[in-house]
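Trainee: I'd like to ask you about the structure that follows.
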Amino acid sequence: MATAQQIPDILSPEFAENPYPAYRAMRESAPLIWHEATKSYIISRYDDVERAFKDKESVFTTDNYDWQIEPVHGKTILQLSGREHAVRRALVAPAFRGSDLREKFQPVIERNSRELIDTFRHTGSVDLVEAYATRFPVNVIADMLGLDKADHGRFHGWYTAVIAFLGNLSGDPEVTAAGERTRIEFAEYMLPIIRERRDHLGDDLLSTLCAAEVDGVRMSDEDIKAFCSLLLAAGGETTDKAIASIFANLLLHPEQLAAVQRDRTLIDRAFAETLRFTPPVHMIMRQTAADVELSGGTVPAGATVTCLIGAANRDDTHYREPDSFDIFRDDLTATTAFSAAADHLAFALGRHFCVGALLAKAEVETGINHLLDAMPDIRLADGFDPVEQGVFTRGPQSLPVEFTPVRG
């Protein structure tokens, strides 16, 4: 097995600055790397990552979440398997698709988007990350759950600490402690609200979760709290970075931005290509239950496997010119990009495919439409070049733009 001394370490500043050349080198010459610092095997080729995600849990399991996310969220649906997982997913999934999403939550999405845009639509300049992307998905989730949006600052602080914990590959004890504190603080905040909501059901998502029943199984207060914690972190951080990345990619490719402005049905393609080209989540872990042969060697049973989504999504055995952003590419299917049949890996695949994918799609479609309406001549601020930051999750930290305010 290649030790890959010539490839920048995933914890190095060089990798954090620009991981894509390292991803290419891994795919080509070191598709399986033992990484001592994270005590995990790193895989980077599309076929290997796809296999890890699609496996029916006979070999690749989510047992790693016992130590990776339970300390911050409590026990979540991601850790379950078999019938237990199927029943829990059946309890929560209906809220994120079909009529519930369309009738109950689309108005929530529209309202929150407009409220944020109203704060800057007349100014002529804005940092899209600070004023919109970091706020929009968290506000939507808080509103969907029937929580007080005045607590936005606390929600944002919590999910930022959780994402830092998940991405704490170097084991910084302060980051670990902050993440574990979040679990306590969020429980103290949520559990009384859950108990009160059980006694006074409304038409919000939290009430739906309290009342949901499948095959005689209902969610406990702890189940609901853990799911809400997961929803805030996963739904906040990823949609936040996706919106920022879509605009960064389009602004850097003006002809594609112009095409989207003319034909808004291309928003889905822009989102799908962004998920492939610059995914919000760059790595997801799995744990092996048996020895498994992958490109480059054998991973033993009981090992942690770090699946590099950011590398797999640029595998040239699956995508033509994978290092180019192209919303018109014919090797990525936008119509299935938000389902378990997706041919990118940004939402994972298989039974643990992201339950919130259609919610993210609804938020992104709405948000981009509203932003383009408010800023028809949107352009990057003079001299600004969007820079991605992050290793575990990645996206622009800032995106200052200028525009001519729309009168009326």
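The values are calculated or read from the model by the stated rules, or taken from the named source; none is laboratory data. What you see is a predicted model, and the numbers here were worked out from it, not measured in a lab. As a convention, Cβ positions derive from the backbone with ideal geometry for all residues, glycine included, and neighbour counts pool all protein chains shown. Side chains are part of the model used for accessible areas, which takes the heavy atoms of the whole protein and leaves out ligands, DNA and RNA. Shrake-Rupley method; radii C 1.70, N 1.55, O 1.52, S 1.80 Å.
Trainee: Treating only the Cβ of Lys, Arg, Asp and Glu as charged (+1, +1, -1, -1), what charge dipole size does the chain show about its Cα centre? Round to the nearest 20 debye.
Mentor: 680 debye
Trainee: How large is the Kirkwood hydrodynamic radius of the chain, in angstrom, based on all distinct alpha carbon pairs?
Mentor: Result for the chain, one decimal place: 21.9 Å.
Trainee: Give a residue-ordered list of calculated ³J(HN,Hα) values for the stretch 153-163 (Karplus: 6.51 cos²θ - 1.76 cosθ + 1.60, θ = phi - 60°; whole Hz; x for Gly, Pro).
Mentor: x, 5, 4, 5, x, 5, 6, 5, 5, 5, 5
Trainee: For the chain, what does the accessible surface come to per residue with a 1.4 Å probe? Please give it in Å².
Mentor: In whole numbers, the chain has 40 Å² accessible per residue.
Trainee: Turning to a different aspect of this structure: If ligands, DNA and RNA are left out, what is the accessible area of Cys354 with a 1.4 Å probe, given in Å² to the nearest 10?
Mentor: Solvent-accessible area, nearest 10 Å²: 50 Å².
Trainee: Between Glu255 and Glu185, what is the spin-label point distance in nm, taking each point 7 Å from the Cα along the Cα→C-beta axis?
Mentor: Label at Glu255, label at Glu185, 4.8 nm between them.
Trainee: From the backbone phi of the stretch 217-229, what are the Karplus-calculated ³J(HN,Hα) couplings (6.51 cos²θ - 1.76 cosθ + 1.60, θ = phi - 60°) in whole Hz, Gly and Pro given as x?
Mentor: Values per residue, Gly and Pro as x: 9, 10, 7, 6, 4, 5, 4, 5, 4, 5, 5, 5, 4 Hz.
Trainee: Just to verify a number: what accessible area does Val217 come out at with the full protein assembly present, 1.4 Å probe, Å² rounded to tens?
Mentor: For Val217, solvent-accessible area is about 40 Å².
Trainee: Using a 1.4 angstrom probe on the protein heavy atoms only, could you order Ser113, Ser398 from most to least accessible area?
Mentor: Per-residue accessible area, sorted high to low, gives Ser398, Ser113.
Trainee: Moving on to the next point. If you roll a 1.4 angstrom probe over the protein chains with everything in place, what fraction of the accessible area of the stretch 92-227 belongs to carbon and sulfur, to the nearest %?
Mentor: 50 percent
Trainee: Note down the nm distance, to one decimal, between modelled labels 7 Å out along Cα→Cβ at Thr336 and at Glu28.
Mentor: Result for the modelled spin labels: 3.0 nm.
Trainee: Report ³J(HN,Hα) in whole Hz for each residue of the stretch 396-404, in order, from the Karplus equation J = 6.51 cos²θ - 1.76 cosθ + 1.60 where θ = phi - 60°; Gly and Pro get x.
Mentor: So the J values, rounded to whole Hz, are x, 7, 8, 8, x, 10, 10, 6, 8.
Trainee: Quick query: amide H of Thr61 versus all other amide H atoms, modeled in the peptide plane; which residues come in under 5 Å with a sequence gap of 5 or more or a different chain?
Mentor: Long-range HN contacts for Thr61: Gln287, Thr288, Ala289.
Trainee: For Asn313, which sequence-distant residues (separation of 5 or more, or a different chain) have an amide H within less than 5 Å of its own amide H, given hydrogens modelled in the peptide plane?
Mentor: Sorted by chain and number, the residues that satisfy this come to none at all.
Trainee: Could you calculate the contour length gain from Thr298 to Ser324, that is, 0.36 nm times the residue separation minus the distance between their Cα atoms, to one decimal place in nm?
Mentor: Fully extending the segment from Thr298 to Ser324 adds 6.1 nm.
Trainee: Would you please name the trypsin sites (Lys or Arg not before Pro) within the stretch 268-352 that are DSSP coil residues with at most 11 other C-beta atoms within 10 Å of their C-beta?
Mentor: Arg320
Trainee: Let me ask another. As an exercise, use a Förster radius of 22 Å and the Cβ-Cβ distance of Glu110 and Arg407 to find the FRET efficiency, rounded to the nearest 0.05.
Mentor: 0.50
Trainee: Something else about it: Calculate the dipole size of the stretch 262-408 relative to its Cα centre from +1 charges on Lys and Arg beta carbons and -1 charges on Asp and Glu beta carbons; express the result in debye to the nearest 20.
Mentor: 400 debye
Trainee: Which cross-chain or sequence-distant (5 or more) residues have an amide H under 5 Å from the amide H of Arg379, H modelled 1.01 Å from N in plane?
Mentor: For Arg379, whose amide H was placed from the backbone, the distant partners under 5 Å are Glu402.
Trainee: Just the number, please: carbon plus sulfur as a percent of the accessible area of the stretch 250-408, 1.4 Å probe, no ligands or DNA/RNA counted.
Mentor: 53 percent
Trainee: If r is the Cβ-Cβ distance from Asn18 to Thr61 and R0 is 25 Å, what FRET efficiency results, to the nearest 0.05?
Mentor: The pair Asn18/Thr61 has a calculated efficiency of 0.20.
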